[in-house]
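Here is the structure we will look at, set down as structure tokens.
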Amino acid sequence: DTGVSQDPRHKITKRGQNVTFRCDPISEHNRLYWYRQTLGQGPEFLTYFQNEAQLEKSRLLSDRFSAERPKGSFSTLEIQRTEQGDSAMYLCASSPSTGDQPQHFGDGTRLSIL
Amino acid sequence: QQPVQSPQAVILREGEDAVINCSSSKALYSVHWYRQKHGEAPVFLMILLKGGEQKGHEKISASFNEKKQQSSLYLTASQLSYSGTYFCGTARNDYKLSFGAGTTVTVRA
């Protein structure tokens, strides 16, 4: 049973550049979530997909952020015109579509903005 | 709304017990507990549902008081491997988790 896979593990970029992260969920999981985690804090919910449908977006997700899950499998999270405040760990999680199931997290992508 | 965890940190010797508390001001559907080690993904420990069901994982157990919107995680006879940051995630529906700031547990030999 392979877990949730995220790529890249680390991304360093200059302010103003665009970045894209990829998440491959556990294969039989219909639900996919993106979270952001900063140092000393718990993960913060960003967005949620049920198959290919994006069902909820946090107000934290400004219009510089966009997420897709085109075929209901892998997902991408893009940040346009990155800012210093975007520096964080971006975590992806997946779960089965039935309720009361645990979300399994990937190792995350650590984004550093220079 | 983010749940409140206490204490922020705890230091234990192997074999000692500890309790971590998580409280919410909103009615909850479920509480999820995770442990995260430095530089790693949060690892799922357990889910607690309305009804106060107590569930266990190894020597780690938890309870959920839905009337008080509180959950407690019990670390019994702690082992070195229990070190890490413990997060409670509270859910008001069946998908969206709000996490507390975490409790850092250090277990020393």
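The values are calculated or read from the model by the stated rules, or taken from the named source; none is laboratory data. What you see is a predicted model, and the numbers here were worked out from it, not measured in a lab. So basically every Cβ, Gly included, is an ideal-geometry build from the backbone, and we count neighbours across all protein chains shown. Heavy atoms of the whole protein, side chains included, go into the accessibility calculation; ligands, DNA and RNA do not. Shrake-Rupley method; radii C 1.70, N 1.55, O 1.52, S 1.80 Å.
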Burial of 40 Å² or greater, segment A:44-65 residues [accessible area, probe 1.4 Å, versus chain by itself]
A:F45, A:E56
Could you point to the residue in B:A101, B:A62, B:A77 farthest towards the positive end of chain B's charge dipole, with +1 and -1 charges on the Cβ of Lys/Arg and Asp/Glu respectively?
B:A101
Förster-model FRET efficiency, 30 Å R0, B:N21 and B:S81, C-beta, rounded to 0.05
0.85
With a 1.4 Å probe and ligands and nucleic acids left out, the total accessible area lost when A pairs with B, in Å² to the nearest 100, equals 1700 Å²
Using Cα springs under 10 Å in a Gaussian network model of chain B, which residue among B:E14, B:E58, B:E66 shows the largest mean-square fluctuation?
B:E58
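Let me know the mean shielding of B:42-50 by other chains, meaning the per-residue number of their Cβ atoms within 10 Å of its Cβ.
Details: counts 11, 3, 7, 1, 1, 4, 1, 2, 0.
Partner-chain Cβ atoms within 10 Å, mean over residues of B:42-50: 3.
Which GluC sites (Glu not before Pro) from segment A:57-98 combine a DSSP loop assignment with at most 13 other Cβ atoms within 10 Å?
Details: sites: A:E68, A:E78, A:E83; in loops: A:E83.
Answer in residue order: A:E83.
Arrange the residues B:T106, A:T20 by how much accessible surface each exposes, largest first, with a 1.4 angstrom probe.
Working: B:T106 50, A:T20 80 Å².
I get A:T20, B:T106, largest accessible area first.
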Assigned charges on the beta-carbon of Lys, Arg, Asp, Glu; chain A dipole about Cα centre (debye):
500 debye
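Working with all protein chains in place, sort A:R69, B:R92 by solvent-accessible area computed with a 1.4 Å probe, largest first.
Numbers: A:R69 5, B:R92 155 Å².
Greatest to least solvent exposure: B:R92, A:R69.
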What accessible area per residue comes out for segment A:1-86, rounded to a whole number of Å², with a 1.4 Å probe?
56 Å²
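Share of Cα-Cα pairs in segment B:1-84 beyond 17 Å, in percent? Spell out each step's value before the answer.
Values: 1679 of 3486 pairs.
Cα-Cα pairs of segment B:1-84 separated by over 17 Å account for 48 percent.
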Table column - 3J(HN,Hα) (Hz), segment B:95-109, Karplus curve with 6.51, -1.76, 1.60, x for Gly and Pro
9, 9, 9, 10, 9, x, 7, x, 10, 8, 10, 10, 10, 10, 5
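Over chain A, what percent of the accessible surface lies on carbon and sulfur atoms, probe 1.4 Å? Write down the numbers at each step before the final one.
Numbers: 2470 of 5690 Å².
The computed percentage sits at 43.
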With viscosity set to 0.890 mPa s at 25 °C, what whole-number translational diffusion coefficient in µm²/s follows for the protein assembly as shown from Stokes-Einstein and a Kirkwood radius over Cα pairs?
137 µm²/s
Spelling it out for A:F74: with amide H atoms placed in the peptide plane at 1.01 Å from N, the residues 5 or more places away or on another chain with amide H under 5 Å from its amide H are none
For segment B:67-109, how big is Rg over Rh, using alpha carbon atoms and the Kirkwood form of Rh?
1.06
Among B:G89, B:W33, B:L12, which residue has its Cα furthest toward the positive end of the charge dipole of chain B, with +1 on Lys/Arg Cβ and -1 on Asp/Glu Cβ?
B:G89
Count, for each residue of B:96-102, the Cβ atoms from other chains sitting within 10 Å of its Cβ, then give me the mean as a whole number.
5
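Counting other Cβ atoms within 10 Å of each Cβ, which trypsin sites (Lys or Arg not before Pro) in segment A:14-114 have at most 15 and sit in a DSSP loop? Provide the component values of the computation, followed by the final result.
Numbers: sites: A:K14, A:R15, A:R22, A:R31, A:R36, A:K57, A:R59, A:R64, A:K71, A:R81, A:R110; in loops: A:K14, A:R15, A:R59, A:R64, A:K71, A:R81.
Passing sites in segment A:14-114 are A:K14, A:R15, A:R59, A:R64, A:K71, A:R81.
Using only the alpha carbons of chain A, what is the convex hull's orientation-averaged projected area in square nanometres? It would help to have the intermediate numbers written out before the result.
Details: hull surface 27.4 nm².
With the hull built on Cα positions only, its mean projection is 6.8 nm².
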